[in-house]
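The values are calculated or read from the model by the stated rules, or taken from the named source; none is laboratory data. Quick caveat, the model's predicted, so the values are computed rather than measured. Cβ sites come from the backbone with ideal geometry, for glycine too, and all protein chains shown count toward neighbours. Only protein heavy atoms, including side chains, enter the accessible area calculation; ligands, DNA and RNA are left aside. Shrake-Rupley method; radii C 1.70, N 1.55, O 1.52, S 1.80 Å.
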Amino acid sequence: MKFNSFQDLLTIGNRSFGSRLMLGTGKFLTITQNIQSIEKSGTEIVTVSVRRINKNNLSFKALQKINWKKICLLPNTAGSQTAEEAIRAAFLGRELAQKLGQYENNFVKLEVISDPQYLLPDPLGTLKAAEFLIKEGFSVLPYINSDPILAKHFEDIGCTTVMPLGSPIGSGQGLQNMENLKIIIENSNIPVIVDAGIATPSDAAKAMELGASGVLLNTAVACSKVPPLMAEAMKLGVEAGRKSYLAGRIPIKKFAEPSSPIIGIVSK
């Protein structure tokens, strides 16, 4: 198979992107770290929590520094505990995108989280909000538990992607649901973006090697010692995992096999 990297695009709805890494804007200590991390990551999609924006926090200030002619805004409804709160946040997010000049941007990363300790998504609330928002013309990217049946329900109602968690938000536990993620990816006809829990580039690479369409992360970069450097490392991890998936790994064998041919070996 001949591989052309220029043709290997991530398509979400009616948009295509060269990068398969999405980056959040929360938890950075400085605006400079945030902007440099976005640049080093090579991302083309940046997610911002609409409910948590105010004029005094870094996310708001970062909004004014990001080049929105090159970066697609993915508003998210983080902080919403009910479907109704998430729906209101989604409309605010669409207005924000328009104010930034992205008039055709109907993306929303849908989060409904009522559990304050483990921050696990509420499947019923998320499904309820997704059904409503899809009817209102939104391109819905729902954050969900790693449940293959649930993922299929979201696909069936018309979601643009599904975004199953690797492990709880900000936990840095890596991929704790490998088998379920494999099933979701295998059965999905829409992009699968692994979201939450990724800590290292090797975690990102593993997700991509499974066949995930992309990875979304924030804490792993923002809370690292050198965020721009980690952002670049994540970029490389995603790219390596994607190329590995496309190339196809060798089969696992029970016994060793010599790498050099034994036919024609020189003997005494």
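Which of the peptides 90-102, 8-20 is most tightly packed, and how do the rest follow, going by the mean number of other Cβ atoms within 10 Å of each residue?
90-102, 8-20
Here the chain is treated with +1 on each Lys and Arg Cβ and -1 on each Asp and Glu Cβ, and its dipole about the Cα centre works out to around 880 debye.
All C-alpha pair distances within the range 129-171, sorted into 10 Å bins from zero, spread as 29, 50, 19, 1 percent across the bins.
Between the helical axis of 31-41 and the longest alpha-carbon principal axis of the chain there is an angle of about 40 degrees. Rolling a 1.4 angstrom probe over the protein heavy atoms with all chains in place gives the range 73-164 an accessible area of 43 Å² per residue. When only alpha carbons of the chain are considered, Rg and Dmax amount to 19.8, 81 Å.
The alpha carbon centroids of the range 62-81 and the range 131-153 are separated by 20 Å.
According to the Cα-based calculation, Rg over Rh for the range 122-194 is 0.97, with Rh computed by the Kirkwood formula.
Could you name the lysines in cross-link range of K99, using Cα to Cα under 28 Å and dropping any fewer than eight places away on the same chain? The qualifying lysines are K27, K40, K55, K61, K65, K69, K70, K109, K128, K135. Residues in the range 157-164 carry Karplus couplings, in order, of 7, x, 5, 6, 9, 10, 10, x Hz; the curve used is 6.51 cos²θ - 1.76 cosθ + 1.60 with θ = phi - 60°, and Gly or Pro positions show x. Tell me which of G248, Q36, A89 sits at the most positive position along the dipole axis of the chain, charges placed on C-beta atoms (Lys, Arg +1; Asp, Glu -1). Result: Q36, furthest along the dipole toward the positive end. In the range 175-222 the Cα-Cα distances spread across 10 Å bins starting at 0 as 28, 58, 13, 1 percent of all pairs.
Using the Cα gyration tensor of the range 1-160, with a ≥ b ≥ c the square roots of its eigenvalues, what is the shape: rounded (a/c below 1.5), prolate (a/b larger than b/c) or oblate (neither)?
The shape class here is oblate.
By the equivalent-ellipsoid construction on the alpha carbon gyration tensor, the range 85-128 comes out with semi-axes of 25, 10, 8 Å, ordered largest to smallest.
In order along the range 233-242, the phi-based Karplus estimate (6.51 cos²θ - 1.76 cosθ + 1.60, θ = phi - 60°) of 3J(HN,Hα) comes to 5, 5, 4, 5, x, 5, 5, 5, x, 5 Hz; Gly and Pro are listed as x.
Rolling a 1.4 angstrom probe over the range 84-142 with all protein chains present gives an accessible area of which 56% lies on carbon and sulfur atoms.
Multiplying each eigenvalue of the alpha-carbon gyration tensor of the range 72-155 by 5 and taking the square root yields semi-axes of 22, 14, 10 Å, largest first, rounded to whole angstroms. Compactness of the range 138-268 is given as radius of gyration and Dmax, 18.5, 74 Å, from Cα positions.
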